[in-house]
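See below for the structure under consideration.
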Amino acid sequence: MSAEEPTVHAAVSNGIPAPEIPLPFPDRPEIITSNLLALTDLAPDPRTRLIFRNLITKMHEFITETSITTEEWMSAIQFLTRTGQTCTPLRQEVILLSDVLGVSALVDALNNPAVGSATESSVLGPFYTEDALDVEQGESIASEGKGEYMFVEGRVLATDGTPISNAAIETWETDANGYYDTQYSDRAAPDCRGRVHSDADGRFAYRAVVPVAYPIPGDGPVGDLLLLLRRHNIRPNHLHLMIDAPGYRKLTTAVYPEGDPYLSSDVVFGVKKSLVVKLTDVNDEAEARKRGFAKGSTFKLLNFDIVLVTEEEAEAAAKQRAQEAAHIAGARL
Ligand code: BEZ
Ligand code: FE
């Protein structure tokens, strides 16, 4: 083939034959919906059928009931196209869209229902990295000068109060500027993040800095959407935690110091009441020195316990929630 010869980007048949079910011509809007539902019912996997039946029914209802115009449809297409195009290996604008529309928090809440006194989950967010270093008990996850001192301590427990030893606690937070280490172009090593292990009594303790509220990226299509809706783009200050212990359901959560004005309107709906914590001022230099903080310093103390559920408890709770959902869906039909 010579260099000038054009190539044809032809689509090829996927090999699936025309369906053997009678379908009327889609001459009226509602026939488009009913034909698509009939075709969807031919999908072999029952879960796929259920998901797409619901999606199609609700999406078509939404378009019909809001009388979406051609211009509105086109601007939605352009918005979604831009959202995809904004993604890079370091930036996930599609997940951010899911976050601000409450979809990430909803999926998380439905898949990790509250179990008694167990610590509730919260959104993971895009700033988790896999390179956090192990930090010894009482040591610091933050380099000097990263913010106001905070000492974090507590216990990892099972729902019956039994201490869980050797639980790996990954933790990450912003510095006093409201930035994660990954947002600095000169990041040389992980900072304001680390991995602590609970001791034989389930205790954990580490030095950190007081995290601050920060805006999620506002320079892309998701930022434009928030402006269109006149919504702020702030996450209240928080400390992320991911706790892993053998036999227990891995927990991704965060704790949110009380008093932040954005707690109940968190742009990504991550704050649950049970995750709001108290920071206590410790204006005592001797206590600060005892914990390894610099001379002449004071600090804030954050004390909270993490209660994990076993795999069995998590399964039972998820099953019960699914049954309740099916019951509600059945009652609606
Ligand atoms: C975060 O807390 O790191 C986060 C979560 C969702 C979207 C943006 C940031
Ligand atoms: Fe965060």
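Taking residue 138 as the residue in question, decide whether it is assigned to a loop (DSSP other than H, G, I, E, B) and open to solvent by less than 40 Å² (accessible area, probe 1.4 Å). Answer is yes for this residue. The residues in the range 212-226 that are open to solvent by 30 Å² or more (accessible area, probe 1.4 Å), away from ligand 2 (no atom under 16 Å from the Cβ) and in a loop (DSSP other than H, G, I, E, B) can be counted, and the count is 1.
I'm trying to understand the selection: among the residues of the range 281-315, which are without any contact (Cβ under 8 Å) to a residue 40 or more places away in the chain and either within 28 Å of residue 166 (Cα to Cα) or among the acidic types (Asp, Glu) (or both)? Answer for the range 281-315, where residues must be without any contact (Cβ under 8 Å) to a residue 40 or more places away in the chain and either within 28 Å of residue 166 (Cα to Cα) or among the acidic types (Asp, Glu) (or both): 281, 284, 285, 287, 289, 290, 312, 315. Out of all the residues in the range 111-135, which are within 16 Å of ligand 1 (Cβ to nearest atom) and either open to solvent by 70 Å² or more (accessible area, probe 1.4 Å) or within 14 Å of residue 249 (Cβ to Cβ) (or both)? Listed by number, the residues that qualify are 112, 120, 121, 124, 126, 130.
Got a number for residues in the range 184-203 being within 20 Å of residue 279 (Cα to Cα) and surrounded by fewer than 21 Cβ atoms within 10 Å (Cβ to Cβ)? The qualifying residues number 1. Sort out which residues of the range 156-175 are within 16 Å of ligand 1 (Cβ to nearest atom) and either open to solvent by 50 Å² or more (accessible area, probe 1.4 Å) or closer than 17 Å to residue 122 by Cα (or both), and write them in order of number. Across the range 156-175, the qualifying residues are 170, 171, 172, 173, 174. In this structure, does residue 108 turn out to be under 30 Å from residue 160 (Cβ atoms), within 12 Å of ligand 1 (Cβ to nearest atom) and either acidic (Asp, Glu) or open to solvent by 70 Å² or more (accessible area, probe 1.4 Å) (or both)? Yes.
Every residue in the range 273-290 that is outside any strand (DSSP E or B) and open to solvent by 50 Å² or more (accessible area, probe 1.4 Å), please. Passing the criteria: 273, 274, 278, 283, 284, 285, 286, 287, 289, 290. On the stretch given as the range 212-254, residues that are within 17 Å of the chain's Cα centre (by Cα) and within 16 Å of ligand 1 (Cβ to nearest atom) total 20.
Condition check ((1) more than 15 Å from ligand 2 (Cβ to nearest atom); (2) on the phi < 0 side of the Ramachandran plot) across all residues:
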position: 104; (1), (2): no, yes
position: 112; (1), (2): yes, yes
position: 128; (1), (2): no, yes
position: 182; (1), (2): no, yes
position: 192; (1), (2): no, no
position: 204; (1), (2): yes, yes
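Just one of the numbered conditions (1) assigned to a strand (DSSP E or B); (2) open to solvent by 50 Å² or more (accessible area, probe 1.4 Å) is not true of residue 144; which one? Checking residue 144 against (1) assigned to a strand (DSSP E or B); (2) open to solvent by 50 Å² or more (accessible area, probe 1.4 Å), the one that fails is (1).
Within the range 154-178, the residues that satisfy the criterion of being within 21 Å of the chain's Cα centre (by Cα) and either acidic (Asp, Glu) or modelled with pLDDT under 95 (or both) are 170, 173, 175.
If you go through the range 203-261 and pick out every residue that is in contact with a helix residue (DSSP H, G or I) (Cβ under 9 Å, 6 or more places away or on another chain) and β-branched (Val, Ile, Thr), you end up with 6. Among residues of the range 227-261 being part of a loop (DSSP other than H, G, I, E, B) and among the polar types (S, T, N, Q), the one that is surrounded by the most Cβ atoms within 10 Å (Cβ to Cβ) is 237. Being acidic (Asp, Glu) and surrounded by fewer than 22 Cβ atoms within 10 Å (Cβ to Cβ) is a property that does not hold for residue 181.
The values are calculated or read from the model by the stated rules, or taken from the named source; none is laboratory data. Just so it is clear, the structure is predicted and the values come from calculations on it, not from any experiment. Note: ideal-geometry Cβ built from the backbone for every residue, glycine included; neighbour counts use all protein chains shown. Surface accessibility is based on the protein's heavy atoms, side chains included, excluding ligands, DNA and RNA. Shrake-Rupley method; radii C 1.70, N 1.55, O 1.52, S 1.80 Å.
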